[in-house]
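Below: the structure, in structure tokens.
The values are calculated or read from the model by the stated rules, or taken from the named source; none is laboratory data. The structure presented is a predicted model; accordingly, all values stated were derived computationally and were not measured. Cβ placement follows ideal geometry from the backbone for every residue including glycine, while neighbour counts extend to all protein chains displayed. Heads up: the accessible areas ignore ligands, DNA and RNA and are worked out on the full protein's heavy atoms, side chains in. Shrake-Rupley method; radii C 1.70, N 1.55, O 1.52, S 1.80 Å.
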Amino acid sequence: MKTVLAIFSSLNGTEGNSSKLANEYLLKIENDDSVRINRVDVASLALPHLTGEEMQAWMTDTSERNESQHALAKISDNIVEAVKAADEIVLAVPMYNFGIPSSLKAYFDRIARAGITFKYTETGPVGLLENKSATVFAARGGVYAGSDFDTQTPYLKHFLNFIGISDVNFVYAEGLNMGEEQMNSAFADANEKIIELTKG
């Protein structure tokens, strides 16, 4: 059984363009009896910014945590366990002010755990989440891929590589606010890419 963790981050929920792209992909694979999909909407999770108190809870031995630290550590523990259990990570990512949504960053901050999802070595950090792939569905109002304005692509690649996920595919739908013709063309191109991925 293949487990897919689908992470949505649009403030517009299922009506968000990145959500529509990801759901188109998921629709093509979810009828396969050998695929199980776990959906998470990080916008609705409303995770707070990471605090020193929460990080300290992680670094405190389980047997020595107080009640508050157990509760704080459980937030990250649950997120990490869902990522560990997945064979593929699907990310539906809109572009907000040239970056990823802050809700997704807060989610990522709970994944990056030294000794759990990565470790430090003499030659640098090594990711511990091996044998996983990721597919990113990026929706943008303008056209940014390949330019200095696209901070999302390198950031997502770096983060996923950092935790051990090096097999990463990107599907872009860009120029969605640049007229109906451009929007239709962008979705058509993205759908072709989705078909390629599901055939592979």
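For this structure, a couple of remarks:
- Within the set (i) 139; (ii) 152; (iii) 119, the number that volume of the Cα convex hull per residue in Å³ takes when calculated for this structure is listed as (i).
- When the chain is treated as a Gaussian network with alpha carbon springs shorter than 10 Å, the biggest mean-square fluctuation among E130, E122, E15 belongs to E122.
- The stretch 120-166-the stretch 1-30 distance, computed between alpha-carbon centres (Å): 18 Å
- Entries of K20/K157; K157/K199; K2/K132; K2/K199; K132/K199 with Cα pairs more than 20 Å apart: K20/K157; K157/K199
- Accessible area of the chain belonging to carbon and sulfur atoms, whole % at 1.4 Å probe: 49 percent
- DSSP loop chymotrypsin sites (Phe, Trp or Tyr not before Pro) with at most 16 other Cβ within 10 Å: longest gap in the chain: 1-97
- Stretchable slack from K84 to K157, in nm (0.36 nm times residue separation minus alpha-carbon distance): 24.5 nm
- Taking the C-alpha atoms only, the angle from helix 67-85 to the longest principal axis of the chain is near 40 degrees.
- Taking every alpha-carbon pair under 8 Å whose residues sit at least 6 apart, the stretch 1-126 reaches a relative contact order of 37 percent.
- The helix-based estimate of mean residue ellipticity at 222 nm for the chain, built from -39,500 (n - 2.57) per DSSP H run of four or more residues and divided by its residue count, is -13000 deg cm²/dmol to the nearest 500.
- Surface accessible to a 1.4 Å probe, per residue, for the residues of the stretch 128-169, Å²: 47 Å²
- Amide H contacts of F170 (H built 1.01 Å from N, under 5 Å, at least 5 apart or other chain): V136
- Using only side-chain charges placed at the Cβ, +1 for Lys and Arg and -1 for Asp and Glu, the dipole size of the chain relative to its Cα centre rounds to 200 debye.
- Here the 3J(HN,Hα) profile of the stretch 162-172, calculated from phi with Karplus coefficients 6.51, -1.76 and 1.60 at θ = phi - 60°, is 4, 9, x, 9, 9, 8, 10, 10, 10, 10, 10 Hz, Gly and Pro shown as x.
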